[in-house]
1. When all protein chains stay in place, what accessible area (Å², nearest 10, 1.4 Å probe) is found for Ile206?
2. From the protein chains alone at 1.4 Å, what is the descending order of accessible area for Arg482, Arg471, largest first?
3. Over 18 Å between C-alpha atoms is what I'm after, so list which of Lys263/Lys314; Lys314/Lys360; Lys360/Lys439; Lys324/Lys418; Lys346/Lys439; Lys314/Lys429 land there.
4. Once you compute Rg and the Kirkwood Rh from C-alpha atoms, what is the Rg to Rh ratio for region 329-402?
5. Report the FRET efficiency, 1/(1 + (r/R0)^6), for Arg500 and Leu332, where r is their Cβ-Cβ distance and R0 is 56 Å, rounded to 0.05.
6. Please compute the modelled spin-label separation between His179 and His512, points set 7 Å along Cα→Cβ, answer in nm with one decimal.
7. Could you give the length gained on full extension between Arg220 and Ala82, defined as 0.36 nm per residue of separation minus the Cα-Cα distance, in nm?
8. Say R0 is 51 Å: what FRET efficiency, to the nearest 0.05, do Ala261 and Ser579 get from their beta-carbon distance?
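The values are calculated or read from the model by the stated rules, or taken from the named source; none is laboratory data. What you see is a predicted model; the values in this text were computed from it and never measured. All Cβ positions, glycine included, derive from the backbone under ideal geometry; neighbour counts span all protein chains shown. Surface areas here come from the heavy atoms of the whole protein model, side chains and all, with no ligands, DNA or RNA. Shrake-Rupley method; radii C 1.70, N 1.55, O 1.52, S 1.80 Å.
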Amino acid sequence: MMTRGRALPKISSHGVLLIALISALVLLYLGIGKVQNDQETVMSEQSNPSADNAPWTYYQLSVEFERLRRSLLEGVPASLLATQWELFVSRYLILRDGRDSLVLVAQGEAAQQQQLFADLDVLVSWTDGWIKDATPDDARRRQLIHRLAALEPVLTDQSLAVNRATGAAISARKDMVRHYSQMNRWMTHAQACIMAIFVLTVWWVIRRDTLRSNDLEQARQRAESAAQTKTRFLANMSHELRSPLNAILGLGQNLLSDRSASKSAQEATAVIVASAQELLALINDLLTLAQSEAGKLVCHNTAFSPAHLAESLKDELEILASEKGLNLYLDLRDDLPALVEADRTKLRQILINVISNAIKFTRRGHVTVTLAYEGDELQMTVLDTGCGMTHEQMRSAFSRFSAGGAQRGTGLGLEITKQLVEVMGGEIKLAGEIDVGTKVSIRLPAPAIARVVPDQSRIGMLIVDDMSMNRMVVRSLLSAWRQIQWYEASTGIEAVDRVRQGGIDVVLMDVHMEGMDGLTATAAIRALPGPEARTLIIGLTAADNPDWESQGLAAGMDDFLVKPINEVDLQRRIHQALSAKAKGEESNHVYA
């Protein structure tokens, strides 16, 4: 089966010209590099003295050869003759065993050199046996003179051959250097011409693209201005619409709880509330869509209880379900943490969209919402007994303006839901069957902040601060922990007295207070008799100074936080301290 491939983008004539010029420049650079490399090799060989040492070595051998022959003819003493012989042999060995003998000579001259070396080897072997004797006989001296005389023309001819070969090699290298230099000049000129053409072409292309970029920038600014205007309009409209909708929902829910109302009024009110909830969900979707198109869709993670969020949504959406005669079930698994860290607003919108969609397309039966936790991720499924979806509908369900084959709906909900899930770093999947139902599975990363402390269904929490507003803020940060029993104190003296009475598990102690400050109060608590002295104390201060933290820990505080307090950080610190205490871990402090 043949598939249509993606068409390649067309290249303009100027693009082709630039590619050709760049290719030519690359080839020229490579060619110049090759020529310069070869030229450097030749020049290094020419400047290397060892490459042309053969003539000089032959010359030294000839000089020692002549000195040895003259010494034999003059009848020098045996010791002087032996020294002269050693010099001659050393020159010969340097020539025979060194690289100087590897000269470029003709084949016949090379054979002559090898024959010369063979004759000299025989001569050295024969002479070494007697030349070092104290009184060599005259007959052997005369025989050595004759042998040297026989070798003299051969040595002379070989020296001349080596000189010729070396001179020819030097001349060839000079010619090659001149050739490479000429090639280098021509290629440099060509490179300069192509570079000039390339620069002119690039200048023209940049000038043309600059003009185009200015036009595109103006168009982009106009588009951004229009998008910002649309976003501001939607945000303002959202605010203006939410205010009356909140009133409608609030009053409608109050009317639904009024048992004295007639059945018809209850039914009408349920329709009003359900319609208002659908309208509110649509407004949220439109605002999210505008934020996504403007690139402003970001996460703002906070700590919250997923169970409380799901329960509140069930209470809200149960009206929609009951209006259609459906049952809405909520299954909270035991492994669900008490607190997780994620974007609560986006998660709420995701669940509202998916659950509302399930209720909308389910005529009879039920909708079941399941929340579980595994591997630092929230696992959520929404299962309905509705009309179901085909495979083609599931593939296009996340496309804009796709209503999953339904007869009504904007088609924005699932697309926006998918965007929200992806922004939160999660994944959403669809599964189902026609006339059986649909299952939506959502996986979102949400690190657990705190689970219920084992064997501690109640936590006595004492907030010590001389400002009531600060105490209220701290209580709001821990509002998700329903097992907390709250106590408050406005002075250090009150804090010590309340801890002395017992029942306090954690003290959130402000450091700066009138009268007895937090450090003094902490030291006083640590001096109490009995288990109250081991009460967990977390210091709070608005002064971001490391000295305060060290002083607080020295006074006996278990931990220290700087205001403004981060919600997640506060909950994590308390949870860690309570978990350590529940496991029976000993404190690092030694109390009096």
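1. Here the residue's solvent-accessible area equals roughly 100 Å².
2. Solvent-accessible surface, decreasing: Arg482, Arg471.
3. Distance filter (> 18 Å) returns Lys263/Lys314; Lys324/Lys418; Lys346/Lys439; Lys314/Lys429.
4. 1.01
5. 0.90
6. 8.9
7. The span from Arg220 to Ala82 would gain 39.7 nm if fully extended.
8. 0.55
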